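Engineer: Have a look at the structure that comes next, please.
The values are calculated or read from the model by the stated rules, or taken from the named source; none is laboratory data. Given the structure is predicted, the values throughout are model-derived calculations rather than measurements. Glycine gets a Cβ as well: all are built from the backbone with ideal geometry, and neighbour counts include every protein chain shown.
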Ligand SMILES: Nc1ncnc2c1ncn2[C@@H]1O[C@H](COP(=O)(O)OP(=O)(O)OP(=O)(O)O)[C@@H](O)[C@H]1O
Ligand SMILES: [Mg+2]
């Protein structure tokens, strides 16, 4: 019962501007839910609020991760609890290599006094790079610095594979990817799927959901979930567009 | 003047330093100038943000003479540690006023490279030293007034008091390093000088003179290191002479302990098609004022000026840079990065001067400051004086805290805030180091940065 990500009546704003107006979504571990909806209606905001972006203020509601209310937690605590956001627009951090960053992020998950061994790090890295069909030399590069859009997305999945999250949130990881890259990224995500992984997959396209088949689909309009259904809902959106859901929001 | 009452600054002290007569005369003249000049005050543009009125010459004493050692094992621990991990091919170790240890491989000697302390060089290569000593950093402040078109106003002449410390150094320098690389000789591995200081209340006047003759190539690394002291002073002068087609890479790492006041003028004279690459690292001391000047004398000359510094607690770092283009088709590129933590103070004045006739000048200047505390303060003063009409010049300075989006990204991956801040500070400085192809000294600088970042 408590092994789930539970978003209850979540309201959030930027400054005085309300963006989320009562979102309710529950994702048990073992399930991935797609989140869809027209541009500018709060999908990324929801993702960032869950992981604790200080840009946004939560004005009402709760977010429970396996029963723990995370709203009072710092973003790094939430991450160590198992939340992982694959960003829509990952930032560039020149001067920090991917390898060093991954090692420190893994280390941060260890109990006091326990070191990430070289074997553990390197073994995991090899595996992740293989899934992502990526050359090892990539990890000596600075984090996202000068990366193409596709490389940035792939790098998000690399981190996801290395850091063992329990709840993933993917924000339009598919946008800007060609079909080959889309397959590789999906392969990475699917390699993590199992009874212990839950999460949200934000996307505009059925294309991604052909590879990462969601257990449920939620549609967000004007900061609320206006419709929830099975994978067929995504197909309907693909065929008919968003007009009918906007109607639902008005009703 | 009470200052002259101190024996350390007397004509007798100058005489006691010995050397050829012409040198003693130059020293005496410099001493007189030193005595006659007031300390620069905040009314002097170049010293507006750094208060040196508290410097009291009456109380300072010269550093004690230390015995020379014949065995590396007898060197101070801090120097041995550095030597163990450096890749310099030859080095001088200064402790007190004299060189206490020197190494110069036979192969370099055979190439005609002269690398020794200045006093020894005065004995063995007097004519060479006489030709170049004081030629780039004289006792008085160099006149960097721009050459302007007739009828227009050139820049203001420097205030004579800006020569106060260079006069002191010219009069009383002791632990000098001298490098001469003959025409067409390329020295592959870096040469270096380590200077240590361990006496509170003492002053040292350090001097480095590097001459890269026509089409030669060399790298020189100056390192300065001390424990925390109570009131010690280092007055430095660095003369870099890069002749036609030569390439000189110069790195200076100032890592004095707290309590040290560091005032240094470094100036490069870059001739036709010559290249000077410099990196100035400032980490230590309590008050540190460093001037880095490139005089692009020759057509097609080039100067890369890199700097990184990190001030914390009560440290006050003042960097004053000059890119003076006196010839056409020259290129200069300055990138300085500063980190300020706690209540530290940073000052950066960067000047680009382009003389009449220095057409096709390419001059860039960028200073970035990372503020880790709301109580730290930075003053950045970029200035341009351009008297030619066909030039490309740009300057810019930014000051701000850690990028919140970068911080959030690291946090969102579970990295704790304090570690994330350290990573971002290191990354900020790393950008400068990535432009310096000297693995061993870069590693050392990274270690110095890590220690400092770790303490914040
Ligand atoms: N930091 C911010 N400052 C101001 N407005 C913001 C901020 N973040 C989001 N908004 C606004 O909130 C609304 C929702 O934005 P959000 O990015 O969550 O939409 P989205 O559903 O992810 O859209 P898209 O499909 O285009 O990615 C938009 O109107 C956006 O402009
Ligand atoms: Mg979005």
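Engineer: Would segment B:348-370 turn up any residue that is under 30 Å from residue B:297 (Cα atoms) and within 14 Å of another protein chain (Cβ to nearest Cβ)?
Structural biologist: Looking for residues that are under 30 Å from residue B:297 (Cα atoms) and within 14 Å of another protein chain (Cβ to nearest Cβ), one finds at least one in segment B:348-370, hence yes.
Engineer: Do any residues in segment A:34-61 that are at positive phi have Cβ atoms under 9 Å from those of residues that are within 13 Å of ligand 2 (Cβ to nearest atom) and in a helix (DSSP H, G or I), where the two are at least six apart or on different chains, and which pairs are they?
Structural biologist: Every condition considered, the pairs that remain are A:37/A:43.
Engineer: Go over the candidates A:145, A:79, A:99 one by one and state the one that is within 22 Å of residue B:434 (Cβ to Cβ), within 11 Å of chain B (Cβ to nearest Cβ) and at pLDDT 95 or above.
Structural biologist: After applying the criteria, what remains is A:145.
Engineer: Moving on to the next point. State whether one or more residues within segment B:169-180 are crowded, with 16+ Cβ neighbours inside 10 Å and over 19 Å from the mean Cα position of the chain (by Cα).
Structural biologist: So far as segment B:169-180 goes, no, none of its residues is crowded, with 16+ Cβ neighbours inside 10 Å and over 19 Å from the mean Cα position of the chain (by Cα).
Engineer: What do you reckon, is residue A:168 within 16 Å of ligand 1 (Cβ to nearest atom), modelled with pLDDT of 95 or more and either within 22 Å of residue A:8 (Cα to Cα) or surrounded by 22 or more Cβ atoms within 10 Å (Cβ to Cβ) (or both)?
Structural biologist: In short, no.
Engineer: From the list B:435, B:392, exactly one residue is surrounded by fewer than 21 Cβ atoms within 10 Å (Cβ to Cβ) and within 14 Å of chain A (Cβ to nearest Cβ). Which is it? Can you show your working first?
Structural biologist: Working: B:392 fails: within 14 Å of chain A (Cβ to nearest Cβ).
Step by step, each of B:435, B:392 is checked, and only B:435 is surrounded by fewer than 21 Cβ atoms within 10 Å (Cβ to Cβ) and within 14 Å of chain A (Cβ to nearest Cβ).
Engineer: Just one of the numbered conditions (1) more than 8 Å from every other protein chain (Cβ to nearest Cβ); (2) at pLDDT below 95; (3) surrounded by 21 or more Cβ atoms within 10 Å (Cβ to Cβ) is not true of residue B:448; which one?
Structural biologist: The failed condition is (3).
Engineer: Please tell me if residue B:334 is surrounded by 21 or more Cβ atoms within 10 Å (Cβ to Cβ), closer than 18 Å to residue B:277 by Cα and not assigned by TED's automatic domain parsing to the domain that holds residue B:246.
Structural biologist: Judged against the criteria, residue B:334 is a match.
Engineer: Report, by residue number, each residue of segment B:1-47 that is without any contact (Cβ under 8 Å) to a residue 40 or more places away in the chain and part of a loop (DSSP other than H, G, I, E, B).
Structural biologist: Scanning segment B:1-47 gives B:1, B:10, B:42, B:43.
Engineer: Moving on to the next point. Of all residues in segment B:321-331, count the ones that are more than 20 Å from residue B:397 (Cβ to Cβ) and surrounded by fewer than 24 Cβ atoms within 10 Å (Cβ to Cβ).
Structural biologist: Number satisfying all stated conditions: 5.
Engineer: What are the residues in segment A:13-41 that are in a loop (DSSP other than H, G, I, E, B), within 11 Å of ligand 2 (Cβ to nearest atom) and surrounded by 14 or more Cβ atoms within 10 Å (Cβ to Cβ), if any?
Structural biologist: Narrowing segment A:13-41 to residues in a loop (DSSP other than H, G, I, E, B): A:15-16, A:29-31, A:37-41.
Add one more test, that the residue is within 11 Å of ligand 2 (Cβ to nearest atom), and what stays is A:37-41.
Matches in segment A:13-41: A:37, A:38, A:41.
Engineer: Moving on. Determine whether segment A:109-127 contains at least one residue that is crowded, with 19+ Cβ neighbours inside 10 Å and under 19 Å from the mean Cα position of the chain (by Cα).
Structural biologist: Scanning segment A:109-127, I find no residue that is crowded, with 19+ Cβ neighbours inside 10 Å and under 19 Å from the mean Cα position of the chain (by Cα), so the answer is no.
Engineer: Kindly indicate whether any position in segment A:210-219 is under 25 Å from residue B:414 (Cβ atoms) and surrounded by 19 or more Cβ atoms within 10 Å (Cβ to Cβ).
Structural biologist: yes
Engineer: For segment B:33-69, how many residues meet the condition of being crowded, with 16+ Cβ neighbours inside 10 Å and within 17 Å of residue B:10 (Cβ to Cβ)?
Structural biologist: Final tally of qualifying residues: 8.
Engineer: For residue A:94, all conditions in the list (1) more than 12 Å from chain B (Cβ to nearest Cβ); (2) outside any loop (DSSP other than H, G, I, E, B); (3) in contact with a strand residue (DSSP E or B) (Cβ under 7 Å, 6 or more places away or on another chain) hold save one; what is the number of the exception?
Structural biologist: Of everything listed in (1) more than 12 Å from chain B (Cβ to nearest Cβ); (2) outside any loop (DSSP other than H, G, I, E, B); (3) in contact with a strand residue (DSSP E or B) (Cβ under 7 Å, 6 or more places away or on another chain), residue A:94 misses just condition (1).
Engineer: Can you find a residue that is within 14 Å of another protein chain (Cβ to nearest Cβ) and either at pLDDT 95 or above or more than 13 Å from ligand 1 (Cβ to nearest atom) (or both) anywhere in segment A:62-70?
Structural biologist: yes
Engineer: A further question on this structure: Search segment A:56-91 for residues being within 16 Å of ligand 2 (Cβ to nearest atom) and not in a strand (DSSP E or B), and hand back the single one that is surrounded by the fewest Cβ atoms within 10 Å (Cβ to Cβ). Step through it out loud before you land on a result.
Structural biologist: Pass one, segment A:56-91, residues within 16 Å of ligand 2 (Cβ to nearest atom): A:56, A:85-91.
Restricting the remaining residues to those that are not in a strand (DSSP E or B) gives A:56, A:87-91.
On the way: A:56: 17, A:87: 23, A:88: 19, A:89: 11, A:90: 21, A:91: 17.
Looking at residues that are within 16 Å of ligand 2 (Cβ to nearest atom) and not in a strand (DSSP E or B), I get A:89.
Engineer: Evaluate segment B:397-408: report whether one residue or more is under 28 Å from the mean Cα position of the chain (by Cα), more than 8 Å from every other protein chain (Cβ to nearest Cβ) and within 19 Å of residue A:99 (Cβ to Cβ).
Structural biologist: no
Engineer: Next question. Would you confirm whether or not segment B:213-224 contains a residue that is closer than 20 Å to residue B:60 by Cα and crowded, with 24+ Cβ neighbours inside 10 Å?
Structural biologist: yes
Conditions (1) within 23 Å of residue B:433 (Cα to Cα); (2) in contact with a helix residue (DSSP H, G or I) (Cβ under 8 Å, 6 or more places away or on another chain); (3) touching a residue at least 24 places away in the same chain (Cβ under 8 Å), marked per residue:
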| site | (1), (2), (3) |
| --- | --- |
| B:308 | yes, yes, yes |
| B:313 | no, no, yes |
| B:340 | yes, no, yes |
| B:349 | yes, yes, yes |
| B:355 | no, no, yes |
| B:359 | no, no, yes |
| B:366 | yes, no, yes |
| B:370 | yes, yes, yes |
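Engineer: Related question: Could you tell me whether any residue of segment A:102-109 is within 24 Å of residue B:419 (Cα to Cα) and out of contact with any helix residue (DSSP H, G or I) (no Cβ under 8 Å at 6 or more places or on another chain)?
Structural biologist: Scanning segment A:102-109, I find at least one residue that is within 24 Å of residue B:419 (Cα to Cα) and out of contact with any helix residue (DSSP H, G or I) (no Cβ under 8 Å at 6 or more places or on another chain), so the answer is yes.
Engineer: Okay, moving on. Kindly check whether there is at least one residue in segment B:414-427 that is under 23 Å from the mean Cα position of the chain (by Cα), surrounded by fewer than 23 Cβ atoms within 10 Å (Cβ to Cβ), within 8 Å of chain A (Cβ to nearest Cβ) and modelled with pLDDT under 95.
Structural biologist: yes
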